[in-house]
Every structure is written in structure tokens, then in C-alpha cells.
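Report on the structure given below.
The values are calculated or read from the model by the stated rules, or taken from the named source; none is laboratory data. Fair warning: this is a prediction, and the values are worked out from it, not measured in the lab. Virtual Cβ from ideal backbone geometry, glycine too; neighbours counted across all protein chains shown.
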Amino acid sequence: MKSGIIGARRAGKSTVFHALTGIAPAPGLSDARNRAQLGQIKVADERLDFLESVYGSKKKVPVELTLFDFAANPKEHKPEAALDPTLLPLVRDMDALLMVVAEFGGERPALADAAATLDGELVFSDFDQLERRVERLRKEKGPIEFERATLQRCMTWLEHGKPLRTLDMTAQELAQLSSFALVSRKPALVVVNCEADRATAPIAETDEAALQARGLEAFRLAAAFEAELWELDPAGHQELLRDAGLEAPARERLVRALYRHLGLVTFYTAGEPEAHAWPLRRGATALEAAARIHSDIARGFIRAEVISFEDFARLRSEARVREAGKLRLEGRDSVINDGDIIHVRFKV
Ligand SMILES: Nc1nc2c(ncn2[C@@H]2O[C@H](COP(=O)(O)OP(=O)(O)OP(=O)(O)O)[C@@H](O)[C@H]2O)c(=O)[nH]1
Ligand SMILES: [Mg+2]
């Protein structure tokens, strides 16, 4: 899963990246050839640890979140623009966005306004992209009426300043738009970068409502404070977190917030070679889970053998799960639940 950190100049994007990954900002990042620094968060997962030990797996593969800290190009990034336009092609490739808003050093912009400014850049970029496509459609012949109508509906929405993530679309419309990688459709958390003494301060109700209307959600992070904690040993890290009223480090809280906001669950594949955790959209089917593992496995899908995590935790072996009649044989359309351990039967 790829998440890109965006935000105004000096909003603390690199500090947020540091707080989440433990990787300090790279001085060479402003180099135009090297537009992003990558950092990985391996998601801590007790269920996966349990599967690894019971199956005696040689390898453990947790869910990984890759964060991208982009470097704006000072020549392109005009002070009045919230986002360097040359970053947009990189942003298109992300699964989710983290929009950083500064709330430190005397800066207290209305959170909703700051987020709206950033979101506005995404809205503008999508409008621009769709408009160029509509121009080209003028010269095309063939069955383009549906495409034209879909683009027009999106553009009307964007013209009102609304991001596409808040527009309900049919599966057919979404399929029509799939080649565009529209940025205002990407799920996003607004990272409120604050001082340590406001790490647990509530978000004002008016801000919360305004964000919600854009399909956004606030996530508070005292980035400079949590970046410094990486210098400490784990015990010291824990203690200072607790003093600040925080129950877990930034990366764990962020993963939870993203999972909730994106509506994700985790399923597992387990065996002696490896125990593997996979993220999946809540409500997704066995076939979608198979596709997550490998497109060949989805193509040759016959059925899935599914064990719920609770049954496995109680019985502690596949053989006992089978004897107890708790192994489910599921077809391609059955829904996979959080914690399910699945084995896909397929032919190639
Ligand atoms: N006091 C305080 N300072 C911060 C915080 N976050 C960032 N800063 C400072 O703000 C300045 C900018 O932070 P960066 O993380 O480099 O911001 P950025 O958004 O990556 O900046 P650019 O990449 O240049 O656009 C640095 O001097 C940071 O030390 C914070 O939470 N509290
Ligand atoms: Mg930076």
C-alpha cells in the first residue's frame, strides 16, 4: 500500500515522514532527479506472529505501508500554490494521501481552510485532466456518449469545488474512469502537525464537519516530538509517549487510522514456507483475495478453504480444524472476513 505525503511548503512533511518511519529527511531530496524518499512501515500484527509460531513458518511477511516524502521543485512550486504541479504524476500512483497541515510555531490556520486549499489543488488537477480528454473526444467517432456523459458529470462536480471521492458513482462509471488515476478520488487523511502539548487535543467540531463533507478525516500528530523519540531506546520511547497521553507510537496509530478510513481488513495465508498478512477492502470476495495474492491464482480459482482466526487460535492446527468441521469451502463470491486464513485451490 502506497501513501504519499503532500502539503504546503514547510508544513512539516519531512518531519511527519521522519516521525512515522524513523528516517530523517535526506538533504539531497530537493534534487530534481530524486523526487521522493521512500520509507516502509511493517505493520505489527499479533495474529501473524501467532500463525508464524504455530505453522513453524520460515518467513513472516507483514502488511507493509510504503510512505513517500516528495520533494517540491522550488522553480515549479509557486508560493501561492499549495502543491508543486510537477508532483502530480507521482501522486497519481498512490493508494492514499496524507495531507499535512501545520499547527506549530504560532501557526494556527483554520484546519478546514488549509485542507480545502490542498484539496482544491487536487480538484483543479482532475478537472484539467478530464477537460483535456473531453477536448480530444470532440474529434473522436464511435461509442463515446457514455464516456462523455461520465466525464461531464465529474466535471460539473469538480466545478463546484467538490472532490470526486464524495461523488457516488456506478460501477460502470468507475470502470470508465479507471484509466485516469484521479487524485481527488484518493482517500486521504489530514495530518494535523502540532506541538506535543496538543498531541491529544480534540479536533474542533466545525473543522471535523467540514473535513467530513470532503470525505476527509483528521489525524493529529506531534511530528517533531515523535521524530525525536526514535533516538531513544524502546522503553524511553514508550515512557515519553505515555507522558504525552499517547497509547502507541505514530506509525501504529496511523496504520489503524488508515485501515479504518480506507475500510480495510487483513486476511492471512499460512504454511511452513511463510506466514503472510494481506490487506483487503472490507466486504471483498474470495476471488478478490485470490487476486491480491496473485493474478494467476485468481484466474485459475476453483475454491477457497477458509478458517476463521478464532477457530484456528482455539484449535491450533489445520487437522483439528478439519475434524471439528470448521474448515469452510467457499466459492469465488463469498465474502472474506477480517482474520480469515485462506488457502486458494486453483488450476493454471
Ligand atoms: N516546532 C515544530 N517545528 C516543526 C514541526 N514540524 C516541522 N517543524 C519544523 O518546520 C520546518 C519545516 O519542516 P519540514 O519537515 O522540513 O517541512 P516540509 O514540509 O518537508 O518542507 P519542504 O519539503 O521544504 O516543503 C523544520 O524546521 C522543522 O524542524 C513541529 O511539529 N513542531
Ligand atoms: Mg520536505
Item to complete: Out of the residues in region 37-47 that are part of a strand (DSSP E or B) and touching a helix residue (DSSP H, G or I) at 6+ places or on another chain (Cβ under 6 Å), state the one that is modelled with the highest pLDDT.
Response: Ile41
Worksheet item: (1) surrounded by fewer than 18 Cβ atoms within 10 Å (Cβ to Cβ); (2) under 21 Å from Pro62 (Cα atoms): which one isn't true of Val344, the others all being true?
Response: (1)
Worksheet item: Of the residues Lys162, Lys141, which single one is of a type in the set (D, E, K, R), outside any helix (DSSP H, G or I) and either modelled with pLDDT of 95 or more or within 30 Å of Ala250 (Cα to Cα) (or both)?
Response: Lys162
Item to complete: Mind listing just one residue for me: the one in region 55-91 that is among the charged types (D, E, K, R) and more than 18 Å from Gly7 (Cβ to Cβ) and, of those, nearest to ligand 2 (Cβ to nearest atom)?
Response: Lys75
Discussion item. Filter region 240-252 down to the residues that are over 13 Å from the mean Cα position of the chain (by Cα), surrounded by 13 or more Cβ atoms within 10 Å (Cβ to Cβ) and not aliphatic (A, V, I, L, M) and list them by number.
Written reply: Pro249, Glu252
Worksheet item: How many of the residues in region 88-107 are within 11 Å of ligand 1 (Cβ to nearest atom), in contact (Cβ under 8 Å) with a residue 12 or more places away in the chain and not aromatic (Phe, Trp, Tyr)?
Response: 4
Worksheet item: Residue check: is Leu241 in a helix (DSSP H, G or I), out of contact with any Ser or Thr (no Cβ under 9 Å at 6 or more places or on another chain) and not acidic (Asp, Glu)?
Response: yes
Worksheet entry | Members of region 2-21 that are out of contact with any helix residue (DSSP H, G or I) (no Cβ under 8 Å at 6 or more places or on another chain) and in a loop (DSSP other than H, G, I, E, B) | Arg9, Arg10, Ala11
Practice prompt. Taking only region 4-23 into account, find how many residues are away from ligand 2 (no atom under 12 Å from the Cβ) and crowded, with 24+ Cβ neighbours inside 10 Å.
Written response: 3
Practice prompt. Only one of these is in a strand (DSSP E or B), surrounded by 15 or more Cβ atoms within 10 Å (Cβ to Cβ) and either among the small types (Gly, Ala, Ser) or in contact with a His (Cβ under 9 Å, 6 or more places away or on another chain) (or both): Ala218, Ala257, Ala227, Ala291. Name it.
Written response: Ala218
Worksheet item: Can you tell me how many residues in region 165-193 are outside any loop (DSSP other than H, G, I, E, B) and touching a helix residue (DSSP H, G or I) at 6+ places or on another chain (Cβ under 8 Å)?
Response: 15
Practice prompt. Kindly indicate whether any position in region 143-150 is closer than 27 Å to Met99 by Cβ and outside the structural domain of Ala209 (by TED's automatic domain parsing).
Written response: yes
Item to complete: Could you check, for region 261-269, whether at least one of its residues is assigned to a helix (DSSP H, G or I) and under 23 Å from Gly339 (Cβ atoms)?
Response: yes
Worksheet item: Using beta carbons and a limit of 8 Å, which pairs, at least six apart or on different chains, have the first residue in region 250-267 and without any contact (Cβ under 8 Å) to a residue 60 or more places away in the chain and the second one in a helix (DSSP H, G or I)?
Response: Leu264/Leu258
